[in-house]
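A quick write-up on the structure given underneath.
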Amino acid sequence: MKSIWLITVGEPLPIGREQSQTRMLRTGILAKALAARGHCVTWWTSTFDHTHKTHHHDKSERITSEYGYQIVLLHGMSYSKNISLRRIANHYQVAKDFAKLARQELQPDVIFCSYPTIELSLAAVSYGQRNKLPVIIDVRDLWPDIFLDAFPKYLIRLGTLFLEPYMFMSRKVFRGCTAITAVSEGYLEWGLSRGDRPRREKDAVFVLGYQRPSVGLSSTDSIRSKFEEMGVDESLTICWFIGTFGRTYDLVPIIEAARILESMGQSDIQFVFSGDGENSQYWRQLANGLNNVIFTGWIDNQQLGYLLSVADIGLMAYAKGAPQGLPNKIFEYLSEGIPIISSLQRETATFFVEHGCGMTYDAGNSISFLNTLERMLASNYKKIGHKGKNVFDEKYSADVVYSQLAEYLENVGCK
C-alpha cells in the first residue's frame, strides 16, 4: 500500500447532497481506482466550486469520501469571473493553504498534481523538493499562455510583461518536477519545452479516459419528459454540444448554420446545447426565434446519460486558436458511438483521420460547418460512430486509462 496525494482544483467532488448525480472526471475517477487497489489516497482540492461559483465550505475542511479516500478542501476567496483579480487571489490563497496544511501531514510516497493551477503546482513541487519526494505534474491546460488571448492585439506586449511572473513560476514547475504526464502528446511536448528538458523514461501521456454515466430504468421516462418539455425531439437528427459556454468555445457558427437551415425549410435537424457560462446570454440572444435550437442549461449525470443515448452527432465547437489537444468531449461522444464534428485542428483532426470517427470544419466558419454536416449526414454516420465506439472500448474507457495511470503511479512512487 502506498500513500498517494492527488492535487486538483476545478473538478466535481463526490460530496454533498447531489453526489450521486455528480459526474466524476480525471482525478475523481483516479482517486476511486487507487483506493480500490488498496492505496491511501488524499485528494487536495479547493473549497470553491469553479463551475457553479459557490463554496462547498467557508473554511478548510477534511472529508472522508464514500469510496474511502480523504478529501482536503483548501480555502480561497470566491470569484464570479474566470479572468479576474479575485481568481488570481484565490489561486494564491489555495496554494498558501496547501503549503501550510501539508507540513502537518505524514509525507506521501508520491504526489500527482494537475497543472494548472500554476501556484498550486509550484507549491507541490517545492514540497517534493524539500522532502525528496517524487512529484508528477499532469498537464491539463496551457497556462499562462492561453491568457494572452484575453488581451487585445495592441496590448499583447503589455500582456506578456504582466504574465512574466507566471511564466517564471511555470518554468520552475516543469524544471523541478520528477516527471511530466499529459492528456495528449502535444501537451506533453509543451511541458517539456517549458521546462527546457528532454523527454525522460517516466514522462508519459494518459488521455482523458471517460466513464459512462448510468441512467436508471425508472428515471428514463421522467428525464425524457423533461427534455420533451424543453423541445428536444428524438425523432429528429440531434446535433448535440455539451460544455462550458466560455472563451475557448464558439457556438456562433452552429447557430448561424441553424438559421440557414431553418430559412431553407429543413426541419429534420435539431441543435441541442447543454451547459452554461459567460457567453450564455449572447448565444441565447443570437438563437432567439429559432425553432431548431434548444438550450438545456446545466445537466446532471443521469440527464447526460440520456442525451448521450439520443444524440446522433456530437459537436466540438471551439473558437479559432483554441489550445485544446484531445479534450474530454471526444471520449464522451465516442463512449456511446456518436460521430463527431469538430473545429479543432492538430491532434484532434489527426485522431479523426487515424480512427475514422469524426470530421473537421474551419473554426468560426458557418458555411464550412454546414458543408461538413452535409458530408457527415451523406455518409454512413452511424458506421462512423460505431468505429469510434470500438476504439473507445479498446483504448480510451476510464477502466483502461485509469488502470494504466494507477499502475504508473505505483511504479513511479517506489522508493
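The numbers here are math on the coordinates, done by the rules we state, and not lab data. Quantities reported herein were computed from a predicted structural model and do not represent experimental measurements. Using ideal geometry, Cβ is built from the backbone for each residue, glycine included, and neighbour counts are taken over all protein chains shown.
Once you have a ≥ b ≥ c as the square roots of the Cα gyration tensor eigenvalues for the range 217-396, tell me rounded if a/c is under 1.5, and otherwise prolate or oblate according to whether a/b is larger than b/c.
Rounded is the answer for the range 217-396, as its axis ratio a/c remains below 1.5.
Once Lys and Arg get +1 and Asp and Glu get -1 on their Cβ, which of ALA89, TYR69, ILE341 lies farthest toward the positive end of the dipole of the chain?
Farthest along the dipole direction, towards plus: ALA89.
Please give every one of the lysines within straight-line cross-link reach of LYS387, meaning a C-alpha to C-alpha distance under 25 Å, and leave out same-chain neighbours fewer than 8 residues apart.
Leaving aside lysines fewer than 8 places away in the same chain, those within reach of LYS387 are LYS329, LYS395.
Hey, which aspartates and glutamates would be in cross-link range of LYS383, C-alpha to C-alpha under 12 Å, not counting anything within fewer than 8 residues on its own chain?
Straight-line reach from LYS383, under 12 Å: ASP312.
For helix 301-310, what angle does its Cα long axis make with the longest principal axis of the chain, in degrees from 0 to 90 and rounded to 10?
40
I'd like the antiparallel share, as a percent to the nearest 5, of DSSP beta bridges with both residues in the range 212-345.
Expressed as a percentage, antiparallel bridges in the range 212-345 total about 5.
Between the range 169-229 and the range 76-91, what is the C-alpha centre distance in whole Å?
If we compute the Cα centre of each part, the gap is 23 Å.
Among TRP283, TRP5, TRP298, which comes first, second and so on when ranked by fewest other beta-carbon atoms within 10 Å? Write down the numbers at each step before the final one.
Values: TRP283 21, TRP5 26, TRP298 14.
So the residues, fewest neighbours to most, are TRP298, TRP283, TRP5.
Take the alpha-carbon centre of the range 107-147, take the same for the range 345-415, and report the distance between them in whole Å.
28
To the nearest 10 degrees, how steep is helix 85-102 against the longest Cα principal axis of the chain, on a 0 to 90 scale?
Result, in degrees: 40.
Excluding residues fewer than 8 places away in the same chain, name every one of the aspartates and glutamates whose C-alpha is closer than 20 Å to that of LYS132.
GLU105, ASP109, GLU119, GLU201, ASP203, GLU410
Name the shape class, rounded, prolate or oblate, that the alpha-carbon gyration tensor gives for the range 317-414, where a ≥ b ≥ c are the square roots of its eigenvalues, rounded holds for a/c under 1.5, and otherwise prolate holds if a/b is larger than b/c and oblate otherwise.
oblate
Counting only DSSP beta bridges with both residues in the chain, what percent are antiparallel, rounded to the nearest 5?
On the way: 7 of 51 bridges.
The antiparallel proportion sits near 15 percent.
For the chain, with the dipole built from +1 on Lys and Arg beta-carbon atoms and -1 on Asp and Glu ones, taken about the Cα centre, which of VAL125, SER274, ALA363 lies farthest toward the positive end?
Toward the positive end, the furthest listed residue is VAL125.
By its C-alpha gyration tensor, with a ≥ b ≥ c as the square roots of the eigenvalues, how is the range 132-176 shaped: rounded for a/c under 1.5, else prolate for a/b larger than b/c, else oblate?
In terms of gyration-tensor shape, oblate.
For the Cα atoms of the chain, what angle does the longest principal axis make with the long axis of helix 366-378, in degrees from 0 to 90, nearest 10?
Approximately 80 degrees, to the nearest 10.
Relative to the Cα centre, what is the charge dipole magnitude of the range 217-396, using +1 at the beta carbon of each Lys and Arg, -1 at the beta carbon of each Asp and Glu, and rounding to the nearest 20 debye?
400
Report the GluC sites (Glu not before Pro) located in the range 145-214 that are in a DSSP loop and have at most 11 other Cβ atoms inside 10 Å of their Cβ, or state none.
Values: sites: GLU185, GLU189, GLU201; in loops: GLU201.
Answer by residue number: GLU201.
Which value, in debye to the nearest 20, gives the size of the charge dipole of the chain about its Cα centre, when Lys and Arg are +1 and Asp and Glu are -1 at the Cβ?
So the dipole magnitude of the chain works out to roughly 1520 debye.
Please name which of HIS57, PHE331, THR237 has its Cα lying farthest along the dipole of the chain towards the positive end, using unit charges on Cβ (Lys, Arg +1; Asp, Glu -1) and the Cα centre as origin.
The one lying farthest along the dipole's positive direction is HIS57.
I'd like to compare 93-105, 370-382: which one has the highest average count of other Cβ atoms within 10 Å, and what's the full order after that? Could you put the intermediate results ahead of the total?
Working: 93-105: 17.6, 370-382: 15.1.
Listed from highest to lowest mean packing, they are 93-105, 370-382.
Work out the length of the dipole vector of the range 125-201 about its Cα centre, built from +1 on the beta-carbon of each Lys and Arg and -1 on the beta-carbon of each Asp and Glu, and round it to the nearest 20 debye.
360
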